[in-house]
Amino acid sequence: MDGRDGARTGKARVSRMEKEQSNFERKLVRIKQSSFWDAFRFTKDGRFKSTLLIYSFSLSFIFIAIYVASYWLLIDPIEFGLRPYAGAQLRTLAESFIPAILGSLVCCIFYFTSHDKKMVLFTYGWLILFVLVLGAFAFVSFTPEEFSIACMLALRFLVPPLGVGIFFAVLIYIRSRRNDPFKRYESLPDWQKNR
C-alpha cells in the first residue's frame, strides 16, 4: 500500500465524516426549527399523522351540536307534557335521559356512514376529554358553592349523553366486530377456507 492509497482512504473517511456531520447538523437544525407545539400538530412532513384523530376531533363538535339541539328542542315539551302526570324528580330524570337517548341515536348514525368503525368511539373520547378539561377549569376557577352547582348541572346534562352514547357506540362496535365476515372467515378451519 503506497502513500496514494492511504491518502484516498483518508479522503474517503473524511468525506464520510463530513456526510455524517452534515446529517447530524441537519438533525440539529431540524430540532432547532421545531418547537414544543409540533407535538400538537396534525401533520408531520406534510402528511397527516392520523386521519382518525382529525376526523373524530371534527366530529366531536357535530356531536356537541346534536346534543345541544336535542336538549334545546326537547326539554320544554317534556316538562310541559309530564307536569300533570309526574313529580319533579321523574321530570328531571326524563329531561336528562330522553334527549340523551335521542341525541345518542342520531350520533350513532355516523357509525354506519364512516369507513373506520372506531370513529364514533374516538369521538366520544374527545368529548370525555372536553368534559375533563371543563371540570378542571371549574375546579380551579369556581368557588366551592359554584363548583357544586356546576357538578350538579354536569350530572344532569353531561353524564347522561356521554354514558348513553358510549353505551350505544360500544354495543354497535361489538356487534359489528362479531358479524365481520373476514373475522368469520379467519375462524374457519383450514380445510373449509380453501373451498
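The values are calculated or read from the model by the stated rules, or taken from the named source; none is laboratory data. In this text the structure is predicted, and so the values were computed from the model without any measurement. Virtual Cβ from ideal backbone geometry, glycine too; neighbours counted across all protein chains shown. With ligands, DNA and RNA removed, areas are computed over all heavy atoms of the protein, side chains included. Shrake-Rupley method; radii C 1.70, N 1.55, O 1.52, S 1.80 Å.
Results, tabulated for the structure shown:
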item	result
Exclusive hit being in a helix (DSSP H, G or I) and touching a helix residue (DSSP H, G or I) at 6+ places or on another chain (Cβ under 6 Å), set 105, 127, 155, 171	127
Checking residue 176 against (1) surrounded by 10 or more Cβ atoms within 10 Å (Cβ to Cβ); (2) at pLDDT 90 or above; (3) over 24 Å from residue 91 (Cα atoms), the condition it does not meet	(2)
Region 80-102, residues that are open to solvent by less than 90 Å² (accessible area, probe 1.4 Å) and free of Cβ contacts under 8 Å to residues at least 12 places away in the same chain	81, 86, 87, 88
Candidates 63, 24 - the one that is modelled with pLDDT of 80 or more and part of a helix (DSSP H, G or I)	63
Some residue of region 118-134 being over 17 Å from residue 60 (Cβ atoms) and at pLDDT below 95	no
Criterion (closer than 29 Å to residue 78 by Cα and open to solvent by 50 Å² or more (accessible area, probe 1.4 Å)) met by exactly one of 127, 105	105
Any hit, region 77-88, residues being of a type in the set (Ser, Thr, Tyr) and within 18 Å of residue 63 (Cα to Cα)	no
Criterion (in a helix (DSSP H, G or I), modelled with pLDDT of 90 or more and in contact with a helix residue (DSSP H, G or I) (Cβ under 9 Å, 6 or more places away or on another chain)) met by exactly one of 57, 112	57
The listed residue being closer than 21 Å to residue 108 by Cβ, modelled with pLDDT of 80 or more and of a type in the set (A, V, I, L, M, F, W, C), out of 147, 167	167
Among residues of region 135-176, those that are within 20 Å of residue 63 (Cβ to Cβ) and more than 22 Å from the chain's Cα centre (by Cα), counted	2
